[in-house]
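Enquirer: Okay, here's the structure, questions in a sec.
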Amino acid sequence: MQFPDSRPAQASCLTTLMLVCAPLAPAQDPYFVADVRPGAADSAMGTATGVGSLAFFVAGDGVHGRELWRSDGTPSGTYLLLDLAPGAASSEPQGLTQVGGQLFFTASTPGNGRELWVSDGSAAGTYMVSDLRPGIEDGAVGLLAGLGGRVYFPGSDGAANGYELWSSDGTAGGTVLVRDIAAGASSSTCTGFTVVGTELFFSANDGINGFELWKTDGSNVGTVLVRDVRTGPASSSASQLTRVGATLYFTANDGISGFELWKSDGTGAGTVLVKDILPGISSPSPAQLTSAMGQLFFTATINASGTELWTSDGSAAGTLLLRDIVVGAGSSNVGNLADGGGFLCFTANDGTNGTELWRSDGSQAGTTLLKDINPGAAASNPNQIKLVGGTLYFAANDGVNGIELWKSNGTAAGTVLAKDIRVGALDSVPQSLSDANGRLFFAANDGVHGSEPWVISIDTDGDGWNDLVDNCPQYANPDQADCDLNSIGDICQIQNGGNDINQNGVLDSCESNGGIPVCFGDGSGAACPCGNESPVGQQAGCRSSFGVGVRLMGSGQASVGQDSLVLLAMQLPANAPTLIFQGTSAQSNGLGLALGDGLRCVGGSIVRLGARNASLAGILAWPSPSDAPISTSGAPAPGDTRYYQAWYRNPVAFCAPEGFNFSNAVRVLWVP
């Protein structure tokens, strides 16, 4: 057994993030982040976008207008990034998109109009990429998409080209026109950006074929019309572009079948009508196209069943009504379709239970009411369904607590109120639910602060530390051990190849580099003999007659071949006779054994390394230049763990009639 070691419970708190040294809240429990707009007024926080450990969102603090904010999930780490439109004016950032570890967005400033901006999360690293259209005219539209490390957007460098497809790597020189799709001053009005594999699909109007389906690989020649679905200048109005695996689904009107479901593999021949659901020119109005479990789900309206839930596997035969929830021509008002992580989640009204939460596994039998949150005919009206870290979050009203945040694991028992943020029947109205790299950011009103940012940080490894502050979120480490203070938990370093010869969960480099102080006389182990515990945090032995405990620490390398290990005892009584000794194990399972005025921490086979009086300042270093190295006097072998402690004579008996005491111990791993 080893001694309890001295590593800080949260060494990562020493990092530049300066996070508080405790979980901000129990794992997966919502907590208030910051009062962006002080007082009861709302900051009108928008949807958050995650970039690394930060979340970016647009909000107004009542002084600066609506500007870009950033948050690491802590109050001190949540602040206005830059006042792009100085004063009360708003730059209204739009299209917040993470590409290549940076945030791209468009913003409108008084001198430049709306242009493309980029940020690394710092004020200095937030800048306009290029004044694409010089002057106050807008050079960029707030619709962005990332592909291959570049951001794509509709932009214009002047009246000559209109608004066309541009891309940028975040530099002015790397911001280029991809293709002038509608040649000349006209605009192609690109919209619906959707990435499938290595290509970006979108709808555009080249001025010849109307609004049709296009794609780009980022090059001019690779930016092409996929298919003129409605031949000639009329538009098929390709829209609702949705990726399911390697297939793009969308809705379009070919002028023959009305608005129906289509799919594309990126080729003209492979862009086809999936099924004429409502034969002829009439349209079933397919909507809410959603990918879940490798299937496409959507709503469609036909006379026989009203508006209900449909599914498609890409074939005509596999495109069918999933369940007629309200049997007959009535509609269940299916809405809020969302991927539930292994099932489809949606809302519907079956005519009995009101609008409630439903789920589907893609089969008729598996399409069922998930939970009647507001029992009976009343509706809980779930909305803003968002899957984050394997859990569904949404806003709903159970008729008791008002509109609050709920969560679900896909079962009725696991569908519960996450938190009654505004306690009682009043509503906190959660909104802008966002997945910011595994954290749920949202706005809510607790009745004190107005509608402001809240967060749930996921605890991936279940060790009680949410991922926001966990120094090793992949592997459980409730002690947050970080012996080398590099902000990476020891367990992560060991799992990723760090050496741990003795398999005790501590890096060899820490144990051999001066060792690790253990077994303190502060009450964390065995009790000191007469209540003479030293203060917690001093990492020392039991207090002596001088009122302090002796502290033993190591420095140098514990290498059998190149030994530079030195043990330093401090806070000794002046000139106190002191003995340094070595043991092969920890005494009493690492808790120590009361003896004399202190705790003996070292057990097993004992070797006396040497004795000497402390200095007048109460310090003793072992070995001195005239002493044999510890690797010689103690004779450890490579791979051995040894324990070291100082025994010293107390000039005045503290725990009468005893007159000797001990320091804490140091655990050392010897390497070759």
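The values are calculated or read from the model by the stated rules, or taken from the named source; none is laboratory data. What you are looking at is a predicted structure, and each value in this text was computed from that prediction instead of being measured. Please note: Cβ atoms are built from the backbone with ideal geometry, for glycine as well, and neighbour counts cover all protein chains shown. Please note that ligands, DNA and RNA were not included when accessible areas were found on the heavy atoms of the full protein model with its side chains. Shrake-Rupley method; radii C 1.70, N 1.55, O 1.52, S 1.80 Å.
Enquirer: What whole-number value in Å² describes the accessible area per residue of the stretch 211-325 for a 1.4 Å probe?
Expert: 38 Å²
Enquirer: Next up: In percent, how large is the relative contact order of the stretch 196-262, given Cα pairs closer than 8 Å and 6 or more residues apart?
Expert: Relative CO of the stretch 196-262 lands at 25 percent.
Enquirer: Same structure again: Rg to Rh for the stretch 178-229: what is it, with Cα atoms only and Rh by Kirkwood?
Expert: Computed over Cα atoms, the ratio is 0.93.
Enquirer: To continue, here is another question. Excluding same-chain residues fewer than 8 positions from residue 371, which lysines have a Cα within less than 26 Å of its Cα?
Expert: The qualifying lysines are 386, 407, 419.
Enquirer: Taking each pair of distinct Cα atoms in the stretch 230-316 once, what is the resulting Kirkwood hydrodynamic radius in Å?
Expert: Here the Kirkwood hydrodynamic radius works out to 13.1 Å.
Enquirer: State the percentage of accessible surface on the stretch 310-391 attributable to carbon and sulfur atoms; use a 1.4 Å probe and exclude ligands, DNA and RNA.
Expert: On the way: 1530 of 3140 Å².
Answer for the stretch 310-391 is 49 percent, counting heavy atoms of protein chains only.
Enquirer: Convex hull volume of the Cα atoms in the stretch 403-508, per residue, in Å³?
Expert: 146 Å³
Enquirer: While we're looking at this one, here's another question. May I have the extent of the alpha carbons of the chain along their three principal axes, as whole Å values ordered from largest to smallest?
Expert: Largest first, the chain extends 103, 61, 50 Å along its Cα principal axes.
Enquirer: Between residue 127 and residue 605, what length in nm is gained on full extension when 0.36 nm per residue of separation is reduced by their alpha carbon distance?
Expert: 165.5 nm
Enquirer: Give me the accessible area per residue for the stretch 579-626, probe 1.4 Å, as a whole number in Å².
Expert: Per residue, the stretch 579-626 has an accessible area of 44 Å².
Enquirer: Using θ = phi - 60° and the Karplus relation 6.51 cos²θ - 1.76 cosθ + 1.60, list the HN-Hα couplings for the stretch 477-484 in order, rounded to whole Hz, with x at every Gly or Pro.
Expert: Values, residue by residue: 8, x, 7, 6, 4, 8, 5, 9 Hz.
Enquirer: Label 7 Å along Cα→Cβ of residue 316; the stretch 237-275 residues with amide nitrogen under 12 Å?
Expert: 273-275
Enquirer: Could you work out the relative contact order of the stretch 183-230? I mean the mean sequence separation of Cα pairs under 8 Å and 6+ apart, divided by the number of residues, in percent.
Expert: 26 percent
Enquirer: Ranked from highest to lowest mean number of other Cβ atoms within 10 Å per residue, what is the order of the peptides 657-667, 635-645?
Expert: On the way: 657-667: 24.1, 635-645: 19.9.
Final packing ranking: 657-667, 635-645.
Enquirer: Related question: Provide the gained length on full extension for the span residue 585 to residue 171, in nm with one decimal, where the gain is 0.36 nm per separating residue minus the Cα-Cα distance. Walk me through the numbers before you get to the answer.
Expert: On the way: separation 414, 0.36 × 414 = 149.04 nm, distance 6.03 nm.
Additional length available on full extension: 143.0 nm.
Enquirer: Further, regarding this structure: Tell me the relative contact order for the stretch 526-625 as a rounded percent, counting alpha carbon contacts under 8 Å between residues six or more apart. Each step should come with its number before you reach the end.
Expert: Numbers: 200 pairs, mean separation 28.6, N = 100.
In percent, rounded to a whole number, it is 29.
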